[in-house]
Amino acid sequence: MTTLANLPSTVYRRSTLRCLVTGIIYAAAICATVPMEAALAQNLKTPALTTAVEGDAAAGKILFDQHCVTCHGPKGRGDGLEIAGATVADLSSPTTQRKLNADLLATIHEGRPGKVMPSWHYRLSPEQSRDVPTYIRTLKRK
């Protein structure tokens with residue numbers, strides 16, 4: 001059995017150097033992707049990437065009544081039409097109300113893949129996308 005003490009010093013140095021160089025390359029690659037992801041997020045400028053939602057609750061109610069009330073119900077409690085046994089989110093619940101605005105926007109934009117919730121990304125303008133979560137915040141149970 002060969003131990004490090006029995007290895008020629010050049011082999012040991014090469015493997016150490018190879019590990020060191022590989023580690024530096026991986027670290028550089030990870031550091032390089034973080035600013036790139038931030039730049040992409042800035043370039044996309046989608047409401048889902050922002051944390052602040054400054055919308056019009058009255059306009060959000062109109063949109064909610066047009067598009068969301070069928071499933072979520074008039075007060076957003078998930079008591080609208082039952083669709084093939086699907087569970088619909090209660091938007092007035094403390095769980096939903098604790099969610100970040102960015103998470104609500106992401107759900108509105110992307111929908112819930114594998115669930116009944118459709119994506120509204122191409123149906124709502126960025127302004128309308130901010131109005132709906134602003135209205136959802138008014139549904140908080142008292």
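Bear in mind that the values in this text are calculations on the coordinates, not laboratory data. All values reported here derive from a predicted model rather than from experimental measurement. Positions of Cβ are backbone-derived with ideal geometry, glycine not excepted, and every protein chain shown enters the neighbour counts.
Observations on the model:
- Estimated distance in nm for a label pair at LEU100 and LYS140, the labels positioned 7 Å out from Cα along Cα-to-Cβ: 1.9 nm
- Point-to-point label distance, GLU127-LYS115, nm (Cα→Cβ direction, 7 Å offset): 2.9 nm
- Between ASP79 and GLY73, the built amide H atoms are under 5 Å apart, and every one of these is 5 or more places off in sequence or on another chain.
- Among ARG98, ARG123, sorting on how many other beta-carbon atoms sit within 10 Å of each Cβ, with the fewest leading, yields ARG98, ARG123.
- The residue list VAL69, VAL88, VAL132 was ranked by how far each Cα lies along the charge dipole of the stretch 53-142 toward its positive end, using unit charges on Cβ atoms, and VAL88 comes out on top.
- Vicinal HN-Hα couplings computed from phi for the stretch 115-125 (Karplus, 6.51 cos²θ - 1.76 cosθ + 1.60; Hz; Gly/Pro x): 10, 7, 5, x, 7, 10, 4, 8, 9, 10, 6
- Protection proxy ranking of 61-69, 109-117, 127-135 - average other beta-carbon atoms within 10 Å, highest first: 127-135, 61-69, 109-117
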